[in-house]
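K.L.:
Structure provided below as structure tokens; questions to follow.
The values are calculated or read from the model by the stated rules, or taken from the named source; none is laboratory data. All figures in this text were calculated on a predicted structure; none of them were measured in a lab. Every residue, glycine as well, gets a Cβ built from its backbone with ideal geometry; the counts of neighbours run over all protein chains shown. Accessible surface areas use protein heavy atoms only, side chains included; no ligands, DNA or RNA. Shrake-Rupley method; radii C 1.70, N 1.55, O 1.52, S 1.80 Å.
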Amino acid sequence: MDLEQHFDATIARDQRIEPRDWMPEGYRKTMIRQVAQHAHSEIIGMQPEGDWITRAPSLRRKAVLLAKVQDEAGHGLYLYSAAETLGADRTDLTERLIEGRQKYSSIFNYPTLTFADVGVIGWLVDGAAICNQVPLCRSSYGPYARAMIRICKEESFHQRQGYELLMTMMSGTQAQRDMVQDATNRWWWPSLMMFGPPDAESANTAQSMAWKIKRHTNDELRQRFVDMSVPQAEKLGVTLPDPELKWNAERGHHDFGEIDWVHFKQVVSGNGPCNAIRVSRRRKAHEDGEWVREAAAAYAAKRKEAAA
Ligand code: 3HC
């Protein structure tokens, strides 16, 4: 059996590809692409909610939000480490992000206008992330799948804290209830776009499914998320902003309205409401951190010299 046949047999047997295994260049490339963009998403994703840490309405809410945002940083670093096992260079990946040569999730290009946004992000955005990432625990690339296990456990905390925040607000004043409905109206459709373009327009899904990098298609996971969210919205007492959303007994799923893919393409190509601020803040953080990287490198070189 030659190397390619061994790779194919490993995938066929639902076993893991590990860093030292031979892999087709295309597999390595698409793994670096997906893992790096996932990592970028986690790091950029700290910004929308981070804006509310200093303005949280109580010490408890501040502590919970701080823990969540710190988790996202950890997810990003975890995933950059997974990308490095494929031969990627973290500095190069950061430059690709800052220069717009690699993507991050469209969902983080919207403003967080009230504290209800923090709850809706936890409920819908982290809920969508769980839908998308639990299957990735069975992704064929070992380090990525194993990283997902820990990340998914933390995402569950993220989703719960958001939903609990909203339950509290919904039992509050009318103004609080209106804030939750307003945030739901703004985040519902962008959350559906998190799952990617329709399968028919997805450039990567077929190959990623064949290599068992992805275990479900974009549309399958989007449908799963819609079906999961409808009863949660009912329990919360909010209306999802889609008049065509209704149960289809024949399909055993909820039908839902047409997604605005023109808007999605706008946001993915850098023209969303907050793309510029998100990337410029990331660039500034990278530049401000230059001295730390230099000091760490100088210290490592000194230690190496002393050990020689
Ligand atoms: N935002 C930005 N770009 C997107 C996108 C989105 N929501 N959905 C798709 N794209 C891009 C893809 O990256 C691809 O571009 P590329 O070839 O230059 O990378 C192009 O649009 C076509 O999309 P495909 O469906 O063909 O691409 P994929 O097969 O890679 O599927 C994906 C896209 C479903 C996002 C898949 O990459 C994936 O599952 N990634 C892992 C999960 C992830 O990255 N989630 C991001 C959310 S961050 C998060 O969950 C953090 C949590 O704390 C909220």
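K.L.:
With the crude spin-label approximation of a point 7 Å out along Cα→Cβ, what separation in nm comes out for residue 150 versus residue 297?
P.N.:
2.7 nm
K.L.:
Starting from the Cα coordinates of the range 171-308, work out the convex hull volume and express it per residue in Å³.
P.N.:
237 Å³
K.L.:
Sum -39500 (n - 2.57) across every DSSP H segment of at least 4 residues in the chain, then divide by the residue count to get the 222 nm mean residue ellipticity, nearest 500.
P.N.:
For the chain, the value works out to -20500 deg cm²/dmol.
K.L.:
Let me ask another. With a bin width of 10 angstrom, please list the P(r) values of the range 32-73 as percents of all Cα-Cα pairs, from the 0 bin to the one holding the largest distance.
P.N.:
With a bin width of 10 Å, the distribution comes to 30, 44, 19, 7, 0.
K.L.:
Here's a follow-up. Can you return the lysines within cross-link range of residue 103? Criterion is Cα-Cα under 29 Å, with same-chain partners fewer than 8 residues away left out.
P.N.:
29, 68, 153, 212, 214, 265, 284
K.L.:
Hey, can you grab everything whose amide H is under 5 Å from the amide H of residue 141? Only 5+ residues off in sequence or another chain; H modelled, so Pro and N-termini drop out.
P.N.:
17
K.L.:
Is there a quick way to get the dipole size of the chain? I mean about its Cα centre, with the Cβ of Lys and Arg at +1 and of Asp and Glu at -1; what is the value in debye to the nearest 20?
P.N.:
Using only the charged Cβ atoms, the result is roughly 860 debye.
K.L.:
Given the options 276, 289, 230, identify the residue whose Cα lies farthest towards the positive end of the charge dipole of the chain (+1 on Cβ of Lys, Arg; -1 on Cβ of Asp, Glu).
P.N.:
In the chain, that residue is 289.
K.L.:
Another question about this same structure. Roll a 1.4 angstrom probe over the protein heavy atoms and tell me the percent of accessible area of the range 205-293 that is carbon or sulfur.
P.N.:
57 percent
K.L.:
Beyond 28 Å, what percent of the Cα pairs of the chain remain?
P.N.:
43 percent
K.L.:
Which value, in Å² and to the nearest 10, is the accessible area of residue 104 when all protein chains are kept and the probe is 1.4 Å?
P.N.:
Accessible area, nearest 10 Å²: 40 Å².
K.L.:
Quick check: residue separation of residue 228 and residue 4 times 0.36 nm, minus the Cα distance between them. What number comes out in nm?
P.N.:
Stretched out fully, the residue 228 to residue 4 stretch lengthens by 76.7 nm.
K.L.:
Using a 1.4 Å probe and ignoring any ligands, DNA or RNA, find the accessible area of residue 202 and quote it in Å² to the nearest 10.
P.N.:
20 Å²
K.L.:
Count neighbours as other Cβ atoms within 10 Å of each site's Cβ, and list the trypsin sites (Lys or Arg not before Pro) in the range 68-118 that are DSSP loop with at most 14 such neighbours.
P.N.:
Of the trypsin sites (Lys or Arg not before Pro), the ones in loops of the range 68-118 whose Cβ has at most 14 other Cβ atoms within 10 Å are 101.
K.L.:
Follow-up question, since we're still on this one. Between the range 63-82 and the range 233-308, what is the separation of their alpha carbon centroids in Å?
P.N.:
Measuring centre to centre over Cα atoms gives 13 Å.
K.L.:
Now for a separate question. If Lys and Arg each add +1 and Asp and Glu each add -1, what is the summed charge of the other residues whose beta carbon sits under 13 Å from the beta carbon of residue 38?
P.N.:
Taking every other residue near residue 38 into account, the sum is 0.
K.L.:
Applying 1/(1 + (r/R0)^6) with R0 = 51 Å to the Cβ-Cβ distance of residue 248 and residue 60, what FRET efficiency is obtained, to the nearest 0.05?
P.N.:
So the FRET efficiency works out to roughly 0.80.
K.L.:
Still on this structure, I have one more. To the nearest 20 debye, what is the magnitude of the charge dipole of the range 146-244 about its Cα centre, counting +1 on the Cβ of each Lys and Arg and -1 on the Cβ of each Asp and Glu?
P.N.:
It works out to roughly 580 debye.
K.L.:
Another question about this same structure. Using protein chains only and a probe of 1.4 angstrom, how many square angstrom of residue 46 are accessible, to the nearest 10?
P.N.:
60 Å²
K.L.:
Test of understanding: what is the full-extension gain from residue 137 to residue 81, defined as 0.36 nm times their sequence separation minus their Cα-Cα distance?
P.N.:
18.5 nm
K.L.:
Here's a follow-up. Between residue 204 and residue 53, what is the spin-label point distance in nm, taking each point 7 Å from the Cα along the Cα→C-beta axis?
P.N.:
2.8 nm
K.L.:
Another question, then. Return the whole-Å distance between the Cα centroid of the range 1-38 and the Cα centroid of the range 99-126.
P.N.:
31 Å
K.L.:
Over the alpha carbons of the range 1-133, what is the largest minus smallest coordinate on each principal axis, giving the biggest first in Å?
P.N.:
63, 32, 21
K.L.:
First select every other residue whose beta carbon is under 11 angstrom from the beta carbon of residue 214; then total the charges, Lys and Arg +1, Asp and Glu -1.
P.N.:
Spelling it out: positives minus negatives among the neighbours equals +1.
K.L.:
Still on this structure, I have one more. Leaving ligands, DNA and RNA out of it, rank 139, 269 by accessible area with a 1.4 Å probe, largest first.
P.N.:
Descending accessible area places them as 269, 139.
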